[in-house]
Amino acid sequence: MAKTALVTGASVGIGYELAKLLARDGYELFLVARNSPKLDEVARELKGTAVAADLSDREGAGRVFAALQGAVPDVLINNAGFGMVGAFVEQELKTHLDMIQVNVTSLVELTRLFLPGMIARGSGQVMNVASTAAFQPGPLMAVYYASKAFVLSFTEAISEELRRTGVTATALCPGPTSTEFQARSGAEKTKIFTSGVKVMTAAEVARIGYAAMLQGK
């Protein structure tokens, strides 16, 4: 029986590259994103099941859980997330709250919904995509950096709690990566992308994170 994997933010970037690695290794895929046309295209390519859901919606994570109809994936990858460049007070409050909902609340909710089944089964792997932004505050991306600090701290904590359960939790912390993120967030002209710092490809980041997850790091 094929193992299963659930990947959020699977239509582009790191999530898409992680889904490709899982497909290569024979996992049955449940692919989550809010861009239905692009998600459907990726699902056809990787022979997975598309689960269209907006994780900035407070009901989004619950809809994803319901879509699996009680199935507990062998791998859960919480990759969905977004950021926005600009002074905190100059951005809409809704933008900040949507970011927290996607980057933090939906991630926690999906992890909490699926972990009990993994623990009962005695096996499973969770990957939460954080960022090198998790290691310091980020003026002009204050909420994004803070949200990734939460993801790192949360994942490290539950990793310890999961010792001897057969389930592991991995935090992937990419640095500057060539994805649609920089254009969507407005970060493409910031120093982190223009100062000559090495920018990795999404495929490189995915390979590193996937190998670490399989090793239970």
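Consider region 156-172. How many of its residues are in contact with a helix residue (DSSP H, G or I) (Cβ under 7 Å, 6 or more places away or on another chain) and small (Gly, Ala, Ser)?
Going through region 156-172 one residue at a time, the tally reaches 2.
Considering region 111-144 alone, what residues qualify as being of a type in the set (Gly, Ala, Ser) and either touching a residue at least 60 places away in the same chain (Cβ under 8 Å) or closer than 22 Å to residue 205 by Cα (or both)?
Across region 111-144, the qualifying residues are 124, 130, 131, 133, 134, 138.
Taking region 168-191 only, how many residues are outside any helix (DSSP H, G or I) and either over 16 Å from the mean Cα position of the chain (by Cα) or modelled with pLDDT of 75 or more (or both)?
The number of residues fulfilling the criteria is 16.
Suppose we keep only residues that are of a type in the set (Gly, Ala, Ser) and in a loop (DSSP other than H, G, I, E, B) within region 114-154. Which one would you say is farthest from the chain's Cα centre (by Cα)?
Looking at residues that are of a type in the set (Gly, Ala, Ser) and in a loop (DSSP other than H, G, I, E, B), I get 122.
Looking for whichever is modelled with pLDDT under 95, surrounded by fewer than 18 Cβ atoms within 10 Å (Cβ to Cβ) and not aromatic (Phe, Trp, Tyr) here; the options are 194, 165. Which one fits?
After ruling out the rest, the residue left standing is 194.
Has region 93-101 got at least one residue that is crowded, with 20+ Cβ neighbours inside 10 Å and either in contact with a His (Cβ under 6 Å, 6 or more places away or on another chain) or at negative phi (or both)?
Yes; the residues of region 93-101 include at least one that is crowded, with 20+ Cβ neighbours inside 10 Å and either in contact with a His (Cβ under 6 Å, 6 or more places away or on another chain) or at negative phi (or both).
Hey, can you tell me all the residues within region 9-57 that are of a type in the set (Val, Ile, Thr), assigned to a helix (DSSP H, G or I) and under 16 Å from the mean Cα position of the chain (by Cα)?
Once the filter is applied, which keeps residues that are of a type in the set (Val, Ile, Thr), assigned to a helix (DSSP H, G or I) and under 16 Å from the mean Cα position of the chain (by Cα), region 9-57 yields only 14.
Go through (1) touching a residue at least 12 places away in the same chain (Cβ under 8 Å); (2) in a helix (DSSP H, G or I); (3) among the β-branched types (Val, Ile, Thr) one by one and return the number of the condition residue 89 breaks.
The one condition residue 89 does not meet is (1).
Which condition number does residue 36 fail, the rest of (1) touching a strand residue (DSSP E or B) at 6+ places or on another chain (Cβ under 7 Å); (2) surrounded by fewer than 17 Cβ atoms within 10 Å (Cβ to Cβ); (3) under 17 Å from residue 113 (Cβ atoms); (4) not β-branched (Val, Ile, Thr) being met?
Just one mismatch for residue 36, condition (3).
Determine, yes or no, whether residue 83 is farther than 22 Å from residue 131 by Cβ, of a type in the set (Gly, Ala, Ser) and in a loop (DSSP other than H, G, I, E, B).
no
Does any residue of region 69-79 turn out to be exposed (fewer than 15 other Cβ atoms within 10 Å of the Cβ), part of a helix (DSSP H, G or I) and not basic (Lys, Arg)?
No.
The values are calculated or read from the model by the stated rules, or taken from the named source; none is laboratory data. Worth saying up front: this structure is predicted, and the values here are computed from it rather than measured. Cβ coordinates were reconstructed from backbone atoms using ideal geometry, including for glycine residues, and neighbour counts include every protein chain displayed.
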